[in-house]
Amino acid sequence: MLIRMLLFFLLFLAALPVFMVVTGQAQLGRDFRRADRSSAGIAPPAENTPEAVVQVYTARALNWRGIFAVHSWVATKPENAETYTVHQVIGWRVYRNLPAMVSAPGTPDGRWFGNEPSVIAELRGQAAARAIPKIIEAVANYPYPDEYTVWPGPNSNTFVAYIGKQVPELRMDLPSTAIGKDYPINGSIFDRAPSGTGYQVSMLGVLGVTLAREEGVELNLLGLSFGIDFYKPALKLPFVGRIGVGDH
């Protein structure tokens with residue numbers, strides 16, 4: 001019986017990436033030079049929005065990486081600012097001998113090489129104004145600004161998870177497809193969950209468990225995340241992401 005259950009689980013797991021490709025949720029063969037990077041129309045226009053804004057986004061990664069994972073980033077706009085600053089870690093910058101981490105004016109809700117972004121956390125007004133200096137400080141103190149490793153990290157999701165830990169008022173619930181979010185900072189085994197609403201134990205980012213109000217219960221197995229969210233009832237699966245209330 002145990003062997004049958006294990007085989008069923010492995011077959012189910014193997015079917016998930018196929019499902020992502022067949023349904024078009026993870027699209028292959030895109031040319032990054034011509035892929036759409038335009039605004040998805042989610043962020044409030046900076047020129048018409050005097051209040052401070054903070055938004056955290058995720059979008060499927062480019063080509064084959066999108067089968068497994070999302071890319072994540074943080075956008076900030078102080079009160080009365082006319083532009084957003086986008087904070088993120090980008091792997092190709094390392095290959096060009098540039099810092100992986102970059103904070104620069106940009107389109108906060110830009111499509112990630114054709115893939116639609118989703119907001120997973122947002123603050124407005126005074127809450128955003130209070131959070132932005134903390135975010136800037138967290139960006140400045142991120143311990144891996146020049147490093148990028150697809151698996152198990154550090155990568156773009158490690159960076160955003162680090163910001164979430166330092167700025168718990170964001171209460172960000174990074175999806176199970178945010179591979180790298182459980183990568184331990186400076187080798188720490190025990191740390192806050194990315195949402196700041198609980199804690200996690202992680203061994204090198206490839207084995208661990210998270211218990212938190214926002215994340216629920218999550219098991220990290222070889223970088224793949226399985227979980228149950230009790231607060232907003234949902235299953236969390238690798239490749240597919242969240243299935244239930246507040247899908248993203």
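Couple of notes before you dig in:
- Residue that is surrounded by the fewest Cβ atoms within 10 Å (Cβ to Cβ) [pool: residues in region 202-233 that are among the aromatic types (Phe, Trp, Tyr) and touching a strand residue (DSSP E or B) at 6+ places or on another chain (Cβ under 6 Å)]: Phe230
- Test: Leu62 is surrounded by 18 or more Cβ atoms within 10 Å (Cβ to Cβ) and in a loop (DSSP other than H, G, I, E, B): yes
- Residue that is surrounded by fewer than 22 Cβ atoms within 10 Å (Cβ to Cβ), modelled with pLDDT of 95 or more, part of a strand (DSSP E or B) and on the phi < 0 side of the Ramachandran plot, where the choices are Val102, Val54: Val102
- For region 21-51, a residue qualifies if it is hydrophobic (A, V, I, L, M, F, W, C), under 27 Å from Ile243 (Cα atoms) and modelled with pLDDT under 85, and the qualifying residues are Val21, Val22, Ala26, Leu28.
- Single unsatisfied condition, Ala81 versus (1) under 29 Å from Arg213 (Cα atoms); (2) at pLDDT 95 or above: (1)
- Gly244 meets each of the listed conditions (1) crowded, with 23+ Cβ neighbours inside 10 Å; (2) at positive phi apart from (1).
- Only one entry in His71, His87 is touching a residue at least 40 places away in the same chain (Cβ under 8 Å), under 30 Å from Phe19 (Cα atoms) and part of a strand (DSSP E or B), namely His71.
- Given (1) more than 20 Å from Gln25 (Cβ to Cβ); (2) surrounded by fewer than 21 Cβ atoms within 10 Å (Cβ to Cβ), number of the condition Val139 does not satisfy: (2)
- Some residue of region 142-154 being under 17 Å from Tyr57 (Cβ atoms) and under 16 Å from the mean Cα position of the chain (by Cα): no
- Scan region 46-68 for residues that are free of Cβ contacts under 8 Å to residues at least 24 places away in the same chain and within 14 Å of the chain's Cα centre (by Cα) and the total you get is 0.
The values are calculated or read from the model by the stated rules, or taken from the named source; none is laboratory data. All of these numbers come straight from a predicted model, not from anything done at the bench. Cβ coordinates were reconstructed from backbone atoms using ideal geometry, including for glycine residues, and neighbour counts include every protein chain displayed.
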